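Down below is the structure, laid out as structure tokens.
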Amino acid sequence: MNERWCSACGKKFFPRAQSPNQAYCSEAQCQAARKLLWQKTKRRSDKDYAANQSKAHAAWVKRNPDYWKNYRGSRGDGSCSLIDVAAAISQALMKICEYASSPKRKKAKRAAPREPSLDIDCSQSSGGFITCTLKIEMCAQALASSSPAAQETT
């Protein structure tokens, strides 16, 4: 049999003899992609299948009314406030600043590190997107740099 390219991952594979038109390799992620494509196609082409899937989904939702609320609460990635977003960004940036000014990242005669300064302004759009504007005062002065220490990014 000739080698083929997987339609999902793009890697080469040998199709099974029983499936000469095989387009997906045997990796679990590729098989999941194949199944998802089949389901989408089936829902569009078979109205009975689509109606049955819709009824089954509605019944599941009725049996599990708090599923998504509990799921988001247990994973910690559910609805969050702008304060939570700002705090997470602040923590991540502080870690970056600590790493950049650590002794392990020595550069030739670099200036002594300073306390980083961080100003975050977050707003939420009507579409649910959160936009944060960050004003960061760099952790350490750059070598022979005449540019301002503060940079602003969105």
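The figures follow:
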{"read-out": "Positions within segment 22-74 being closer than 23 Å to E3 by Cα and either of a type in the set (S, T, Y) or not assigned by TED's automatic domain parsing to the domain that holds C9 (or both), in sequence order", "value": "Y24, S26"}
{"read-out": "Single condition G78 does not satisfy, out of (1) assigned to a loop (DSSP other than H, G, I, E, B); (2) small (G, A, S); (3) at pLDDT 80 or above", "value": "(3)"}
{"read-out": "Positions within segment 8-33 being modelled with pLDDT of 95 or more and in contact with a helix residue (DSSP H, G or I) (Cβ under 7 Å, 6 or more places away or on another chain), in sequence order", "value": "Y24"}
{"read-out": "Residue tally, condition surrounded by 10 or more Cβ atoms within 10 Å (Cβ to Cβ) and acidic (D, E), over segment 43-60", "value": "1"}
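The values are calculated or read from the model by the stated rules, or taken from the named source; none is laboratory data. These numbers come from a predicted model, not from an experiment. Here Cβ is always computed from backbone atoms with ideal geometry, including for glycine, and neighbour counts include all displayed protein chains.
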